[in-house]
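Single-structure report; data block below.
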Amino acid sequence: MRVPIVAANWKMHKTAKEAVDYFRRLLELVPGRPGVELVIFPPATLLFLAQKHLEGSPIVWGAQNAYPEPAGAFTGEVSVVQVADLGARYLICGHSERRHIFGEDDELIGRKVRAAMEAGLVPILCVGELLEDRQAGRAWEVVERQLSTALAEVSLTAPERLVIAYEPVWAIGTGVPARPEDAQEMAAAIRGWLAEKFGKAGSSVRIQYGGSVKPENARDFLTLPDIDGALVGGASLDPDKFWTIAQAALG
Ligand code: PEP
């Protein structure tokens, strides 16, 4: 039984006051046992507030990014150990904005995945092709390379220790989501790959879809057989919209 996981990636948005208002509103909306795992990814400056306001609630939280070394001379970085120490549960690894704006490659992303796991965090590994790759029929080739490099040295004993987010780059922040049938086809291919690499644990890893998910289209994705949740950017900035999206995972 794969519990749906719906995550809010705030990216570089919100002040402290806006974050607190958001947490209060979401806590008003969400019942004690929501039936779906809700994860908030605030920017690093607001992680302390997530810890303060969400601890003991049904909502968990994580970091959008962290450096794989536990400590050291890495000015401006925050380590996986530091975010785990604060109480984070999840770490986004390989988001397309980290890959394309900040030049992160599959090798660094793999280090982050392994370091996150060692620190007790659950990585949400984002994979996805560019529009030109899809148009050229190379979407799976790209995603398969991202998976095999990032997970090369990972051994997975329990499916809850990893989440994959399939996020076609051309669908992120554009208002143009993937076609549900294409998202399902990719999620099924990812699941097959995970089952081959990790056996039973791999076949039960949760797979999210991300890319222009909104309240209006959430059900189209969240009811697909191999999609177990969503990673939501823009629409997650509003707690009411985020909760509406999450409820679509309940069927
Ligand atoms: C994301 O940031 O991962 C994302 C999918 O953004 P959006 O929902 O805005 O497309």
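The values are calculated or read from the model by the stated rules, or taken from the named source; none is laboratory data. Small disclaimer: the values here were computed from a predicted structure and weren't measured. Positions of Cβ are backbone-derived with ideal geometry, glycine not excepted, and every protein chain shown enters the neighbour counts. What goes into the accessible areas is simple: the full protein's heavy atoms, side chains included, and nothing from ligands, DNA or RNA. Shrake-Rupley method; radii C 1.70, N 1.55, O 1.52, S 1.80 Å.
Can you list the aspartates and glutamates whose alpha carbon sits under 15 Å from that of LYS112, skipping same-chain ones fewer than 8 residues off?
GLU69, GLU77, GLU104, GLU153
Put +1 on the Cβ of each Lys and Arg and -1 on the Cβ of each Asp and Glu in the chain; which of GLY202, PHE48, THR174 then has its Cα farthest toward the positive end of the dipole?
So the residue we want is PHE48.
Please give the charge dipole size of the chain, origin at the Cα centre, charges +1 on K and R Cβ atoms and -1 on D and E Cβ atoms. Round to the nearest 20 debye.
Details: 26 positive and 32 negative charges, 120 e Å.
That gives the chain a dipole magnitude of about 580 debye.
Report, in deg cm²/dmol and to the nearest 500, the calculated mean residue ellipticity at 222 nm for the chain, where each DSSP H run with n ≥ 4 adds -39500 (n - 2.57) and the sum is divided by the residue count.
On the way: 11 runs with 102 residues, N = 251.
Roughly -11500 deg cm²/dmol at 222 nm, from the helical runs in the chain.
Excluding ligands, DNA and RNA, what is the solvent-accessible area per residue of the chain at a probe of 1.4 Å, expressed in Å²?
Working: 11150 Å² over 251 residues.
I get 44 Å² per residue for the chain.
Please report the carbon-and-sulfur percent of the accessible area for the chain; probe 1.4 Å, protein heavy atoms only, DNA, RNA and ligands left out.
Numbers: 5750 of 11150 Å².
Using a 1.4 Å probe with all protein chains present, the chain comes out at 52 percent carbon and sulfur.
Mind checking which lysines have their C-alpha under 22 Å from LYS241, skipping anything on the same chain fewer than 8 residues away?
Within the straight-line cut-off, LYS241 pairs with LYS11, LYS14, LYS17, LYS214.
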